[in-house]
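The values are calculated or read from the model by the stated rules, or taken from the named source; none is laboratory data. Everything quoted here is computed from the prediction, not taken from an experiment. Cβ atoms come from the backbone with ideal geometry, glycine included; neighbour counts cover every protein chain shown.
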Amino acid sequence: MNYDYQQIDDVIHSRIRTAIMAVLVGTDEAEFNFLKEKVNATDGNLSVHLKKLEHAGYVSVKKLFVDRKPVSKYKITSKGYKAFENYINNLENIIKSNKK
Amino acid sequence: MESKQAELELSLIKKMMEDTRKLNIDNGIHYIFWGILVALGLLINYLMLVFKFYTKYIGFVWLVMMVSGAVADILIGKYQSKRSKVSTYAGRILTSLWLASGVAMFIYGFVGSFSGAYNPIFICPVIATSLGISYFTSGSIQQLGWLRSVSFGWWAGAIVMFVFPGIHTLLIFAIMIIMLQIVPGLLLNKKSKELFTENA
């Protein structure tokens with residue numbers, strides 16, 4: 001079986017962005033600091049990757065103030081769900097095609 | 001992308017998703033809050049009956065306690081949700097389950113008895129039966145076998161209170177609330193704290 005490697009979604013295909021999507025897919029919404037702890041990234045690095053996912057329409061952000069401190073809460077969108085599902089299917093196809 | 005890299009990515013995704021799934025544990029605050037409030041209400045109700053103290057106001061005392069409890073619970077929920085670092089779908093389902101359960105218990109407790117459909121002494125076993133359903137479902141959602149088992153305690157107690165009704169029903173129900181609601185709430189709170197410390 002041949003597999004088209006170009007089908008891999010470049011927006012998700014990065015260690016940090018994959019991890020962010022994997023965390024968000026199991027949650028309703030997650031705060032920036034929670035994601036930072038889970039993916040072990042610095043503030044700047046995480047912001048850049050979240051922006052990429054946001055621009056692709058895979059995640060949405062809600063900004064609010066809690067005890068006068070700004071808080072950003074991230075949520076996966078339906079487009080993001082679909083893209084992540086496709087990404088996992090593609091990974092499985094790569095494994096299958098290489099086994100044959 | 002090579003097959004090995006794809007396998008690594010899949011295992012990373014699986015691990016992250018499993019870690020997040022573990023966070024689907026209720027923090028038990030609502031169990032403790034309602035447990036203390038209802039146990040207190042039952043004790044007040046029992047004493048009012050024993051000492052024949054303004055017994056015609058028992059329903060009113062319950063109404064004031066439950067309505068103020070519901071308002072306080074909504075405020076606690078809002079406070080917690082604003083400050084929680086993460087919320088899960090399971091958490092949302094649990095909130096809906098307990099909200100629906102609360103509305104049902106309100107109907108059983110107030111509408112059921114005020115309408116004269118049944119003797120108020122049977123409110124306790126009816127509510128215990130309803131709580132059994134909620135505990136069974138809640139334990140299944142959180143994948144906590146011990147919490148699901150608590151429902152059998154509620155149902156067993158409900159049978160006892162249906163078969164042997166009387167003023168003592170209030171005390172039996174108060175003991176059940178402490179053992180089957182406050183204690184599980186404390187255990188959930190401990191477990192939830194441990195999980196968040198592990199994940200922090």
### Query
Has the range B:120-131 got at least one residue that is touching a residue at least 24 places away in the same chain (Cβ under 8 Å), hydroxyl-bearing (S, T, Y) and under 30 Å from A:N33 (Cα atoms)?
no
Note on the range B:67-120: residues among the hydroxyl-bearing types (S, T, Y), within 14 Å of chain A (Cβ to nearest Cβ) and exposed (fewer than 11 other Cβ atoms within 10 Å of the Cβ) are B:S96
Taking the conditions exactly as written (of a type in the set (A, V, I, L, M, F, W, C), more than 30 Å from A:N33 (Cα to Cα) and in contact with a Gly (Cβ under 7 Å, 6 or more places away or on another chain)), does B:I167 satisfy them or not?
no
The residue from A:F84, A:F32 that alone is surrounded by 14 or more Cβ atoms within 10 Å (Cβ to Cβ) and more than 12 Å from the chain's Cα centre (by Cα) is A:F32
Picking from B:G77, B:G102, B:G145, the residue that is touching a residue at least 12 places away in the same chain (Cβ under 8 Å) and either out of contact with any His (no Cβ under 8 Å at 6 or more places or on another chain) or over 30 Å from A:T77 (Cα atoms) (or both) would be B:G102
Boolean, B:V183 is under 14 Å from the mean Cα position of the chain (by Cα) and part of a helix (DSSP H, G or I):
yes
Filtering helices (runs of 4 or more DSSP H) wholly in the range A:1-81 for at least 3 residues that are more than 23 Å from B:S3 (Cα to Cα), without any contact (Cβ under 8 Å) to a residue 24 or more places away in the chain and away from every other protein chain (no Cβ under 13 Å) gives A:43-55
Checked the range B:79-105 for anything of a type in the set (S, T, N, Q) and either out of contact with any helix residue (DSSP H, G or I) (no Cβ under 7 Å at 6 or more places or on another chain) or part of a helix (DSSP H, G or I) (or both); matches are B:Q80, B:S81, B:S84, B:T88, B:T95, B:S96, B:S101
Would you be able to say whether some residue in the range B:33-54 is in a helix (DSSP H, G or I) and either at the interface with another protein chain (Cβ under 10 Å from one of its Cβ atoms) or at pLDDT below 90 (or both)? no
Q.
Here is a check on your reading of the model: is B:G166 free of Cβ contacts under 8 Å to residues at least 40 places away in the same chain, farther than 30 Å from A:Y74 by Cβ, out of contact with any Cys (no Cβ under 6 Å at 6 or more places or on another chain) and small (G, A, S)?
A. no
Of (1) assigned to a helix (DSSP H, G or I); (2) over 30 Å from A:Y74 (Cβ atoms); (3) not small (G, A, S), B:Y118 fails just (1)
The number of residues in the range B:1-32 that are surrounded by 18 or more Cβ atoms within 10 Å (Cβ to Cβ), more than 9 Å from chain A (Cβ to nearest Cβ) and not in a helix (DSSP H, G or I) is 4
Among (1) more than 14 Å from every other protein chain (Cβ to nearest Cβ); (2) part of a helix (DSSP H, G or I), B:P165 falls short only on (2)
